[in-house]
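Engineer: Take this structure, written in structure tokens, and hold onto it; I'll ask about it next.
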Amino acid sequence: MSVNKEVKRITTHILQEMKNRGEKIAMLTAYDFSMAAIVDNAGTDIILVGDSASNVMAGHETTLPITLDQMIYHAASVVRAAKRALVIVDLPFGSYQGNSKEALASAIRIMKEAGAHGVKLEGGVEIAESVTRILAAGIPVMGHLGLTPQSIYKFGTYTVRAKEEAEAAKLKDDALKLQELGCFAIVLEKIPAKLAAEVSRSVSIPTIGIGAGQHCDGQVLVIHDMLGINKGFKPRFLRQYANLFDVMNDAITNYVGDVKARSFPNEKEEY
């Protein structure tokens, strides 16, 4: 007799326990039900509904165009699939910067309409008021420092951040500030591994790295990148675990060929 074993949901408390005992945290992005179900079933701890959906799902050059309504649509689809993973959603560009009331309203919509478990915001001390308001409403907040893609036009490049001493010092201060405000974790994107290690030691909350070396408390990649669905994107920090572009391309080419050759469907595939 098979017994349905209840799946235990990952919580921010469990993530903190993982850091405390030195267990690494695995985080991946997902933007739709079918992909999220696979990501969740494979044992991923956190699913990030990233504003990277703007790039990989909608074909935009940057993350800036995606709207709050679109993020809620993607997030709701993912939440329906995730039985175990903690689902965190990016607040998109323009939904929180410079206006803490709007930030709170955006976060509440994501929690209520999508059923998400928390939100992620880019930036440090500049967004302290927004972080405070959202946390005061009981909504978990994940920080994001280093390369912050919503500020791409300010940086002018997607190169490694915080190589200079002044920017590195600010990043360390920002990390401590985000912890002090009450963030449950911080993403560190594309910063020197030595700096990421220092930050990971200096804060008691988990750090999640992307292009930030092996000493963060966890790692995150964009699902389309690590599965090799995106053919051209191969930064140094990316490890491709599959080559789905070729697998899918071959399958579709074969299907098209079979239809043209009248070999699909055959008699066995008829009613």
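Engineer: Counting only protein heavy atoms, what percent of the accessible surface of the chain is carbon or sulfur at a 1.4 Å probe?
Structural biologist: 54 percent
Engineer: Still on this structure, please answer the following. Amide H to amide H, which residues 5 or more places from Val187 or on other chains are under 5 Å from it, using H placed in the peptide plane?
Structural biologist: Residues meeting the amide H criterion: Gly143, His144, Leu145, Ile208.
Engineer: Hey, another quick one. Using amide H atoms built 1.01 Å from N in the peptide plane, name the residues 5+ places from Phe264, or on other chains, whose amide H lies under 5 Å from its own.
Structural biologist: Distant-sequence amide H within range of Phe264: Val259.
Engineer: Also: If you add up the charges near Leu171, with Lys and Arg at +1 and Asp and Glu at -1, over every other residue whose beta carbon is less than 10 angstrom from its beta carbon, what do you get?
Structural biologist: Surrounding charge for Leu171 is -1.
Engineer: Residue-wise, which Karplus ³J(HN,Hα) couplings in Hz belong to the range 85-91, taking 6.51 cos²θ - 1.76 cosθ + 1.60, θ = phi - 60°, and x for glycine or proline?
Structural biologist: 3J(HN,Hα) across the range 85-91, in whole Hz: 5, 6, 9, 10, 10, 5, 6.
Engineer: Something else now. Specify the inter-centroid distance of the range 233-271 and the range 39-116, based on alpha-carbon positions, in whole Å.
Structural biologist: Using only Cα atoms to place each centre, the spacing works out to 30 Å.
Engineer: Shape verdict for the range 70-141, please, from the Cα gyration tensor: rounded (a/c under 1.5), prolate (a/b greater than b/c) or oblate.
Structural biologist: Values: a/c = 2.09, a/b = 1.82, b/c = 1.15.
Here the range 70-141 falls in the prolate category.
Engineer: Using the Karplus curve 6.51 cos²θ - 1.76 cosθ + 1.60 with θ = phi - 60°, work out ³J(HN,Hα) for each residue of the range 18-23 in order, rounded to whole Hz, and write x for Gly and Pro.
Structural biologist: 3J(HN,Hα) across the range 18-23, in whole Hz: 4, 4, 4, 9, x, 8.
Engineer: Explain nothing, just compute: Karplus ³J(HN,Hα) = 6.51 cos²θ - 1.76 cosθ + 1.60, θ = phi - 60°, for every residue of the range 129-145 in order, whole Hz, x for Gly and Pro.
Structural biologist: Once θ is set to phi - 60°, the couplings for the range 129-145 become 5, 5, 4, 4, 5, 5, 5, 5, 7, x, 9, x, 10, 9, x, 8, 10 Hz.
Engineer: Something else about it: Using Cα pairs closer than 8 Å and at least 6 residues apart in sequence, work out the relative contact order for the chain, in percent. If you can, show how the numbers build up before the last one.
Structural biologist: Details: 490 pairs, mean separation 40.4, N = 271.
Relative contact order for the chain comes out at 15 percent.
Engineer: In deg cm²/dmol and to the nearest 500, what is the mean residue ellipticity at 222 nm of the chain if only DSSP H runs of at least 4 residues count, each as -39500 (n - 2.57), divided by the residue total? It would help to have the intermediate numbers written out before the result.
Structural biologist: Numbers: 11 runs with 108 residues, N = 271.
After summing the helix terms and dividing by the residues of the chain, the value is -11500 deg cm²/dmol.
Engineer: What whole-number value in Å² describes the accessible area per residue of the chain for a 1.4 Å probe?
Structural biologist: Solvent-accessible surface per residue comes out at 53 Å².
Engineer: Okay, next question. Could you grab the relative contact order for the range 121-271? Cα pairs under 8 Å, six or more apart, rounded to a whole percent. Walk me through the numbers on the way to the answer.
Structural biologist: On the way: 212 pairs, mean separation 24.0, N = 151.
So the answer I get is 16 percent.
Engineer: List the residues whose amide H sits under 5 Å from the amide H of Ile25, counting only those 5 or more places along or on another chain, with H placed 1.01 Å from N in the peptide plane.
Structural biologist: Gly218, Gln219
Engineer: A further question on this structure: Excluding same-chain residues fewer than 8 positions from Lys190, which lysines have a Cα within less than 22 Å of its Cα?
Structural biologist: Correct list for Lys190: Lys19, Lys24, Lys120, Lys154, Lys163, Lys170, Lys172, Lys177, Lys231, Lys234.
The values are calculated or read from the model by the stated rules, or taken from the named source; none is laboratory data. Since the model is a prediction, treat every value here as computed from it, not as a measurement. Ideal geometry is used to build each Cβ from the backbone, glycine not excepted, and the neighbour counts take in all protein chains shown. When the accessible area is computed, the model is the full protein with side chains, heavy atoms only, and any ligands, DNA or RNA have been set aside. Shrake-Rupley method; radii C 1.70, N 1.55, O 1.52, S 1.80 Å.
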